[in-house]
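Participant: Got a structure for you, questions after.
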Amino acid sequence: MLILGIDTSCDDTAASVVEDGTKIISNIVSSQNEIHRKYGGIVPELASRRHIEMIWPAVDEALTKVGVGFNDISAIAVCYGPGLIGSLLVGVCFAKSLAYVNKIPLVAVNHLEGHIFSSFLEEPIPEFPFAALVVSGGHTSLYRVDGFGMYTELGRTRDDAAGEAFDKVAKLLGLGYPGGPFIDALSKKGNSGAIFFPRPFIHNSFDFSFSGLKTAVLTYTKKNPRSKKEDIAASFQSAAVDVLIEKTVEAAKTEGINKIVLAGGVSANRTLREMIKKRAQEEKIKVYLLSPHLCTDNAAMIASAGFYHFKERKVADLDLNPKAYLPLGATK
Ligand code: KG4
Ligand code: ZN
């Protein structure tokens, strides 16, 4: 069964064809980094305008490149939130039109659910139950996943997302955009023990907070203008990664779960990947890490989650509307 996935939730126009929820047939991501780079962050109006230009070329490429026509598609899965409302609107309207014109069922997918399902696109596929850390530019949330559609939110950020902190610290240090990969690369040349930045642990909770850490880096750089950028990057990254790992491992242990899935753009971070593998091994927990192109936003993950919705006949109506705020699952 072939599902066409579409995601325009943020600044990437993504379209993909996935077979049976697990096999990627095509995966097209048209990045807008060039547009937003000069502003050091995403400009929502520019993002939605670019989506309008790129949605048809992206979908067309995802289909024609692999010789798939609309007749071969069983359902169209579209991300309808959370995200930037103007960006989401483009993908949802486009998917609805395609579904209507071609008489193909429409499936609505939560972006966060998509990130969790990116782990179904690579071997080994995690078995339920598992803990999932979705850590990106817009989200930092921890879930208990007991099965398809069975999500419990164990914690979330109370302020900035981890990726947002990476991007803001990178901007502060005059590095490129998006900042995460630049901090990742620069950190390799720095000393992570050079500066001690506070580890923002919220006690008795699996919630996160990154705005204080970001402010600590800002204050430090103002007071120490000659400090090496490499050391600041490495020390900041070490603080952020420590918190992400400790909270995730503790949450899994508390829930009695021995599997952890890492998803979202920040899970491409090399230090986070190396350190969580070590830490989890000590606790006899298995960690599932994705290829970097499946960590960041893509539509294959939407098609994968969409396949399971479709199998359960959870189809959407053509009056589907996007939602900027769309929590996933129950809270604890
Ligand atoms: O999942 P994603 O593509 O989009 C959202 O849903 O937000 O994540 C983008 C975020 C950005 O903040 C970017 O800086 C961060 O992921 N990121 C990284 C790395 N690669 C991307 N952060 C740290 N280290 C990386 N290697
Ligand atoms: Zn995302």
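The values are calculated or read from the model by the stated rules, or taken from the named source; none is laboratory data. Here the structure is a predicted model, which is why all the values come from computation and not from measurement. Quick reminder, even Gly has a Cβ in these numbers, built from the backbone with ideal geometry, and neighbours come from all protein chains shown. Please note that ligands, DNA and RNA were not included when accessible areas were found on the heavy atoms of the full protein model with its side chains. Shrake-Rupley method; radii C 1.70, N 1.55, O 1.52, S 1.80 Å.
Participant: So in the range 160-181, with the set limited to residues that are hydrophobic (A, V, I, L, M, F, W, C) and near ligand 1 (Cβ under 8 Å from one of its atoms), which one is surrounded by the most Cβ atoms within 10 Å (Cβ to Cβ)? So that I can check it myself, show each step before the final result.
Facilitator: Pass one, the range 160-181, residues hydrophobic (A, V, I, L, M, F, W, C): 161-162, 165-166, 169-170, 172-173, 175.
Now drop any that are not near ligand 1 (Cβ under 8 Å from one of its atoms), which leaves 161-162, 166, 170.
Details: Ala161: 23, Ala162: 28, Phe166: 30, Ala170: 23.
Here the residue is Phe166.
Participant: Right, here's the next one. For the range 6-26, name all the residues that are open to solvent by less than 30 Å² (accessible area, probe 1.4 Å), away from ligand 1 (no atom under 14 Å from the Cβ) and of a type in the set (Ser, Thr, Tyr). Let's see the steps before the verdict.
Facilitator: Taking the range 6-26 and keeping what is open to solvent by less than 30 Å² (accessible area, probe 1.4 Å), we get 6-9, 11-18, 21, 26.
Those still in the list that are away from ligand 1 (no atom under 14 Å from the Cβ) too: 6, 15-18, 21, 26.
Residues satisfying the conditions are Ser16, Ser26.
Participant: Only residues that are free of Cβ contacts under 8 Å to residues at least 24 places away in the same chain and hydroxyl-bearing (Ser, Thr, Tyr): list them for the range 92-106, please.
Facilitator: Residues of the range 92-106 free of Cβ contacts under 8 Å to residues at least 24 places away in the same chain: 93, 97, 101, 103.
Listed by number, the list holds a single entry, Ser97.
Participant: Among the numbered criteria (1) under 19 Å from the mean Cα position of the chain (by Cα); (2) buried (at least 24 other Cβ atoms within 10 Å of the Cβ), which single criterion is violated by Leu84?
Facilitator: Only one criterion in (1) under 19 Å from the mean Cα position of the chain (by Cα); (2) buried (at least 24 other Cβ atoms within 10 Å of the Cβ) is unmet by Leu84, namely (2).
Participant: Further question on the same structure: Just give me the residues in the range 136-151 being more than 7 Å from ligand 1 (Cβ to nearest atom) and either free of Cβ contacts under 8 Å to residues at least 12 places away in the same chain or open to solvent by 30 Å² or more (accessible area, probe 1.4 Å) (or both), in sequence order. Write out each step before concluding.
Facilitator: As a first pass, look at the range 136-151 and keep what is more than 7 Å from ligand 1 (Cβ to nearest atom): 140-151.
Arg144, Asp146, Phe148, Gly149, Met150, listed by residue number.
Participant: Restricted to the range 97-127, and to residues that are part of a loop (DSSP other than H, G, I, E, B) and farther than 23 Å from Leu290 by Cβ, which residue is least open to solvent (accessible area, probe 1.4 Å)?
Facilitator: As a first pass, look at the range 97-127 and keep what is part of a loop (DSSP other than H, G, I, E, B): 103-105, 122-127.
Subsequent filtering for residues that are farther than 23 Å from Leu290 by Cβ retains 103-105.
On the way: Lys103: 175, Ile104: 15, Pro105: 50 Å².
Among those that are part of a loop (DSSP other than H, G, I, E, B) and farther than 23 Å from Leu290 by Cβ, it is Ile104.
Participant: On to the next question. Given the criterion more than 17 Å from Phe208 (Cβ to Cβ) and either open to solvent by less than 20 Å² (accessible area, probe 1.4 Å) or at pLDDT 95 or above (or both), identify the matching residue among Glu246, Glu250, Glu282. Outline the logic, then answer.
Facilitator: Numbers: Glu246 fails: more than 17 Å from Phe208 (Cβ to Cβ); Glu250 fails: more than 17 Å from Phe208 (Cβ to Cβ).
After ruling out the rest, the residue left standing is Glu282.
Participant: While we're looking at this one, here's another question. For the range 193-237, how many residues meet the condition of being over 30 Å from Thr331 (Cβ atoms) and not in a loop (DSSP other than H, G, I, E, B)? It would help to see each step written out before you state the result.
Facilitator: Taking the range 193-237 first, the residues over 30 Å from Thr331 (Cβ atoms) are 193-196, 217-235.
If we keep only those that are not in a loop (DSSP other than H, G, I, E, B) as well, we get 217-223, 229-235.
Total satisfying the criteria: 14.
Participant: Here is a further query. Being within 13 Å of ligand 1 (Cβ to nearest atom), in contact with a strand residue (DSSP E or B) (Cβ under 6 Å, 6 or more places away or on another chain) and open to solvent by 20 Å² or more (accessible area, probe 1.4 Å) is the filter; apply it to the range 285-323 and report the residue that is farthest from Ser26 (Cα to Cα).
Facilitator: Leu289
Participant: Can I ask one more? For the range 195-206, enumerate the residues that are at pLDDT 95 or above and open to solvent by 50 Å² or more (accessible area, probe 1.4 Å).
Facilitator: Phe196
Matching residues to (1) of a type in the set (Lys, Arg); (2) more than 16 Å from ligand 2 (Cβ to nearest atom); (3) in contact (Cβ under 8 Å) with a residue 40 or more places away in the chain; (4) out of contact with any Ser or Thr (no Cβ under 7 Å at 6 or more places or on another chain):
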{"site": "Ser187", "(1), (2), (3), (4)": "no, yes, yes, no"}
{"site": "His203", "(1), (2), (3), (4)": "no, yes, no, yes"}
{"site": "Phe206", "(1), (2), (3), (4)": "no, yes, yes, yes"}
{"site": "Ser209", "(1), (2), (3), (4)": "no, yes, yes, no"}
{"site": "Ala216", "(1), (2), (3), (4)": "no, yes, no, yes"}
{"site": "Arg226", "(1), (2), (3), (4)": "yes, yes, no, yes"}
{"site": "Ala234", "(1), (2), (3), (4)": "no, yes, yes, no"}
{"site": "Ala239", "(1), (2), (3), (4)": "no, yes, yes, yes"}
{"site": "Val243", "(1), (2), (3), (4)": "no, yes, yes, yes"}
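Participant: Please verify whether the range 87-96 includes one or more residues that are outside any helix (DSSP H, G or I) and either out of contact with any Lys or Arg (no Cβ under 7 Å at 6 or more places or on another chain) or surrounded by fewer than 22 Cβ atoms within 10 Å (Cβ to Cβ) (or both). Step through it out loud before you land on a result.
Facilitator: Here is the first cut: in the range 87-96, the residues outside any helix (DSSP H, G or I) are none.
Taking every residue of the range 87-96 in turn, none turns out to be outside any helix (DSSP H, G or I) and either out of contact with any Lys or Arg (no Cβ under 7 Å at 6 or more places or on another chain) or surrounded by fewer than 22 Cβ atoms within 10 Å (Cβ to Cβ) (or both).
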